[in-house]
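Q: What follows is a structure written as structure tokens; I'll ask about it next.
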Amino acid sequence: MSVLEAVSTQSVAGENLTGEAYRDAMHRWLHANLPASFRSDSAAFAPPTLQQSVAWEAAMYRAGLTGITWPQVYGGHGRSLREHLIANQEIGRLAMPESVNSIGKELAGPIILAVGTEEQKRRFLPAILEMRNIWCQGFSEPEAGSDLAGLRTRATHGDGWRINGQKIWTSGAYRAQRCLVLARTGPLEDRHRGLAMFAVPLDAKGVRVRTIKSIDGRESFCEVFFDEVEVAQADAIGAPDEGWAAAIRVLEIERATNRMYRAWRFENELRHLISACKADTALSAMVADRHYAVRLGEVAVEIEVLKAHVETAVEALASGDKIGARGSLAKLYWSESHQRFAALAIELLSQASLPQNPAIKVARRRFEAIYLAARAETIYAGTTEIQLGIIADRILQLSRGK
Amino acid sequence: MSMAEGLQPDEFAATAARAVAACAGLDVRAQAQNLAGDGLLGIIADEEVGGLALPLGFAVPVIAAAHSGLLGFPLLETILVGRLLQSSLTRLAAAIVSGDKLATIAWQGEAVPERDGGLLLLNGSLARVPGAASVDYILVRMSGGGAALIPVDAKGVVVEDAAGLDLTVPEHVVRLEKVEVPIGSILPAGTWDLLSSDANVLRAAAILGSAEACLALAQEHASTRRQFGHALSYNQAIRHALARQKLGLESIRHAITRSLSRDGGPVQRDAAFLAAVTYGSSISEGALQIHGGMGFTWDVPVHRHLRRIRTLQAQGDASGLISRFGRRYVSEVAPFAEAGA
């Protein structure tokens, strides 16, 4: 924890500020407080422990960098989506670790805000922001990956609820306190009807978590087994049926707004890659040459387009427009573009001079990890094929007629 | 105060679409009168020359509508030349904005000046000059970054037909052989770069208009053409191909919006054009593919759009631009040094 002892505990850094003054306050706080060991573009980088991540994210919350748009009564900062964008641009510009509680902040929290009871909002939301509760997402199952209508995990109603079944690809379940579980209350034939959501405590009797090693060597993915798990009525999120429909609406917005920093983080990565190449004799010549200048330029263009997708979505939402299925456009664009970039990064870095200088070592460590992790980006949060289907069905409204 | 104050750019889209439709079948000079009558030639020019004095963003839906409707008039060039000349050649700018005189721009090549006593003579070989055979003036780039306005009927100006893909506003080549130009027709260094930056936004708008038309045609065809007992759009391969075209189309649209926003600068303008070239080409070629054999026919208008997009790509020198864009980006990043070191 010593690394974080210096993190400011002062309350909201940007309080009462707006516009560029707000941006400046967020920028200064992040630069003053982000430990070098958290920065994957630093030789001092050491992946933070869970404890360190929790402390850091709690400090970010106190500084006004998370829970930005949530109502103050539930612990949020009550600011606008435009300010959320400003803060996320500044977050993206630094090479900082991903949140260990993004499911809480960007999925469970917004769903609870939309369909939860007043008691649930007061109980769950501040705990998410203060990092007292880390959440995971229990949607996918072995027989229901992209097609959630095939869910088999069952919730039966008696004195409270009883849940039986299995979830998979549950990122971070091993470290989470709560799981947002989607379960079936009716027969399998009901497909999307009869689905209900629960905030299941992972220390409940009958819950078993098993980690799965992923291609990047990490053990963050999990399987979660529910064996006669009793869940109180107070932990049922929204009414069965209505709850899921509302969640779908929330998810549409989330797809357009979650990890809003992505375009700016992507830019941070591109600039880091170029800076590392320019510190190397062979690579500095290569990136000045037309071939790689064009390819890097193409990435820079794609980053501009991605920023345009994000900013347009924010403006639309801030102006009261419905976002509809447009979140699929940004998600699809980012995931494929980022994969191409990651492949270019490792291609370039593999041509570095020998002996490797420290800048190349730092960059290889970062970009090899990014390359592997990026393979999941066209799979999670709706695969590329699912996004294309959503665009065809909901945006183009193409006929499926026989 | 602008006479169009309070208007939004999108409100010009419908006017422009109507004006474009009304130009069908007219010769170029009659088209100019029509377009001028709707205020479209002077949309960004000062009121002193008869323009509407609106920001560049207002020209975007106009250019998009012109290209969507395959307008056979060098509108992009006219809009830019009218504004460019408004402070130095005011009367000529007014004549262009009113549709009385026609102008275009030579997008490729340079004019090389030569002094002959007190005279300034221009020589050079220019290409990618849309609609040069039917205009009164051609704006040419000067070596050194300036520009000159050349009357087409001046001695030593030779306009010739050229090979080129665009059927709608065909390109010409122009030779200048000791063409005498008054000093007042020479525009200062830096003119061309400013012109190119605005032109890139409008080219992106032009490609947006064509790409929109192509996707609409492809979508219509996929919904009505039946094979194997289903509409084409029943097939996932077709649905996904169209979804990718839609992603490209919205990417062009958003990139243009961003290039004109408060945060927009030369980088965003170049990016909008480069993105438009990439996605516009793939949308038009993809639309042709979805039409199958019909897409390869003269009658289905997808090829007209495809031809225009590829022509705009060349007029804006997309290959040279992405190379300069990438090199500039790389040059602006400092070699790695530990943060705070």
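Q: Can you give the convex hull volume per residue for the Cα atoms of the protein assembly as shown, as a whole number of Å³?
A: Values: hull volume 135.7 nm³, N = 743.
Here the figure is 183 Å³ per residue.
Q: Just to confirm the number: angle between the C-alpha axis of helix A:358-374 and the first principal axis of chain A, 0 to 90 degrees, nearest 10?
A: 30 degrees
Q: Quick check for me: using +1 on Lys/Arg Cβ and -1 on Asp/Glu Cβ, what's the dipole size of chain B about its Cα centre, in debye to the nearest 20? Intermediate values should be presented prior to the final figure.
A: Numbers: 28 positive and 33 negative charges, 193 e Å.
Value, rounded to 20: 920 debye.
Q: How many angstrom separate the Cα center of the range A:295-355 from the Cα center of the range B:171-227?
A: If we compute the Cα centre of each part, the gap is 27 Å.
Q: Mean separation of Cα pairs under 8 Å and 6+ residues apart, divided by the residue count of the range A:19-129: what relative contact order is that in percent?
A: Working: 105 pairs, mean separation 30.6, N = 111.
RCO, the range A:19-129: 28 percent.
Q: Under the definition of Cα pairs under 8 Å and six or more residues apart, what whole-number percent is the relative contact order of chain B?
A: On the way: 630 pairs, mean separation 47.9, N = 341.
Reported relative contact order: 14 percent.
Q: Using a 10 Å cut-off on Cβ to Cβ distances, tally the other chain neighbours for every residue of B:181-187 and report the average as a whole number.
A: Working: counts 0, 0, 0, 0, 0, 0, 0.
Averaged over the peptide's residues, the number is 0.
Q: Ok, one more. For the range B:11-101, what does the alpha-carbon gyration tensor say about shape, rounded, prolate or oblate, given a ≥ b ≥ c as the root eigenvalues, a/c under 1.5 as rounded, and a/b over b/c as prolate?
A: On the way: a/c = 2.08, a/b = 1.39, b/c = 1.50.
Taking the square roots of the gyration eigenvalues as a ≥ b ≥ c, the range B:11-101 is oblate.
Q: Over the alpha carbons of the range A:261-395, what is the largest minus smallest coordinate on each principal axis, giving the biggest first in Å?
A: Answer, in whole Å and largest first: 54, 26, 23 Å.
Q: In a shell of Cβ-Cβ distance under 9 Å around residue B:210, excluding residue B:210 itself, what net charge do Lys and Arg (+1) and Asp and Glu (-1) give? Mind dumping the intermediate values first?
A: Details: positive: B:304, B:308; negative: B:212.
Value of the local net charge: +1.
Q: Could you give the dipole magnitude of the range A:120-198 about its Cα centre, charging the beta-carbon of Lys and Arg +1 and that of Asp and Glu -1, in debye to the nearest 20? Working shown, then result.
A: Numbers: 13 positive and 7 negative charges, 75 e Å.
I would put it at about 360 debye.
Q: So what's the projected area for the range B:201-341, the Cα convex hull averaged over all directions, in nm²?
A: Numbers: hull surface 44.5 nm².
Average of the hull's projected areas for the range B:201-341 equals 11.1 nm².
Q: If the viscosity is 1.567 mPa s and the temperature 4 °C, what Stokes-Einstein diffusion coefficient in µm²/s follows for chain A when Rh is the Kirkwood radius over Cα pairs? Please list the in-between numbers first.
A: Working: Rh = 22.4 Å.
In µm²/s, the coefficient is 58.
Q: Need one number: the % of Cα-Cα pairs in the range A:19-129 sitting beyond the 19 Å mark. Please list the in-between numbers first.
A: On the way: 2812 of 6105 pairs.
Across the range A:19-129, Cα pairs with separations above 19 Å total 46 percent.
Q: Against the longest principal axis of chain B, how steep is helix B:11-22, in degrees 0 to 90 to the nearest 10, with axes from Cα atoms?
A: It works out to around 90 degrees.
Q: Starting from the exponent 0.38 and prefactor 2.2 Å, build the expected Rg for the range A:165-279 from its residue count and divide its actual Cα Rg by it. Write down the numbers at each step before the final one.
A: Working: Rg = 18.9 Å, N = 115, 2.2 N^0.38 = 13.4 Å.
Its radius of gyration relative to the 2.2 N^0.38 Å reference: 1.41.
Q: May I pose another question? How much length is gained if the chain between residue A:385 and residue A:205 is pulled fully straight, taking 0.36 nm per residue apart and subtracting their Cα-Cα distance, in nm to one decimal?
A: The residue A:385-residue A:205 span can extend by a further 61.0 nm.
Q: Sort B:290, B:96, B:79 so the one with the fewest other Cβ atoms within 10 Å of its own Cβ comes first.
A: Working: B:290 24, B:96 33, B:79 28.
Fewest-to-most ranking of B:290, B:96, B:79: B:290, B:79, B:96.
Q: Within a 10 angstrom radius of the beta carbon, how do B:73, A:225, B:325, B:228 rank from fewest other beta carbons to most?
A: Numbers: B:73 29, A:225 17, B:325 24, B:228 7.
Going from sparsest to densest Cβ surroundings: B:228, A:225, B:325, B:73.
Q: Treating the Cα atoms of chain B as identical point scatterers in vacuum, please give the log10 of the normalised Debye intensity I(q)/I(0) at q = 0.13 Å⁻¹, two decimals.
A: -0.99
Q: Test of understanding: ordering B:246, A:331 by Cβ neighbours within 10 Å, fewest first, what list do you get?
A: B:246, A:331
Q: Let me ask something additional. Taking Cα atoms, how many degrees apart are the long axis of helix A:327-349 and the longest axis of chain A, rounded to 10 and kept between 0 and 90?
A: With both axes taken from Cα atoms, the answer is about 40 degrees.
Q: Relative contact order of chain A: what whole-number percent is it, with Cα pairs under 8 angstrom and at least 6 residues apart?
A: Values: 666 pairs, mean separation 54.7, N = 402.
It comes to 14 percent, rounded to a whole number.
Q: For chain A, build the charge dipole from Cβ charges (+1 Lys, Arg; -1 Asp, Glu) around the Cα centre, then report which of A:211, A:397, A:134 sits farthest towards its positive end.
A: Ranked along the dipole, the leading option is A:211.
Q: Of the cross-linked pairs A:167/A:361; A:121/A:213; A:121/B:246; A:307/B:101; A:121/A:167; A:167/A:307, which ones have a Cα-Cα span greater than 31 Å in the structure shown?
A: Details: A:167/A:361 38 Å; A:121/A:213 34 Å; A:121/B:246 38 Å; A:307/B:101 41 Å; A:121/A:167 25 Å; A:167/A:307 34 Å.
Going by Cα-Cα distance, A:167/A:361; A:121/A:213; A:121/B:246; A:307/B:101; A:167/A:307 fall outside the 31 Å limit.
Q: Need the C-alpha centroid separation for the range A:146-215 versus the range B:303-328, integer Å.
A: 52 Å
Q: Name the residue from B:118, B:227, A:173 whose Cα lies farthest towards the positive end of the charge dipole of the protein assembly as shown, charges +1 on Cβ of Lys and Arg and -1 on Cβ of Asp and Glu.
A: A:173
Q: Kirkwood hydrodynamic radius (Cα pairs, Å) of the range B:105-187?
A: On the way: mean 1/r = 0.0791 Å⁻¹.
Taking every pair of different Cα atoms in the range B:105-187, averaging 1/r and inverting gives 12.6 Å.
Q: While we're here: Extending each Cα 7 Å along its Cβ direction at residue B:119 and residue A:213, get the distance between those two points in nm, one decimal.
A: In this crude label model, residue B:119 to residue A:213 measures out at 8.5 nm.
Q: Follow-up question, since we're still on this one. Report, in whole Å, the centroid distance computed from the Cα atoms of the range B:9-59 and the range B:61-106.
A: 9 Å
Q: Another one. First select every other residue whose beta carbon is under 15 angstrom from the beta carbon of residue B:34; then total the charges, Lys and Arg +1, Asp and Glu -1. The partial results should precede the final answer.
A: Numbers: positive: B:18, B:29; negative: B:27, B:38, B:100.
Result for the local shell: -1.
Q: Considering the dipole of chain B built from charges on the beta carbon (Lys and Arg +1, Asp and Glu -1) around the Cα centre, which of B:130, B:284, B:266 is farthest to its positive end?
A: Sorting the options by dipole projection puts first B:284.
Each value in this text was obtained by applying a stated rule to the coordinates, not by laboratory testing. Just so it is clear, the model here is predicted, and its values are computed rather than measured. Cβ: placed from backbone, ideal geometry, glycine included. Neighbour counts: every protein chain shown.
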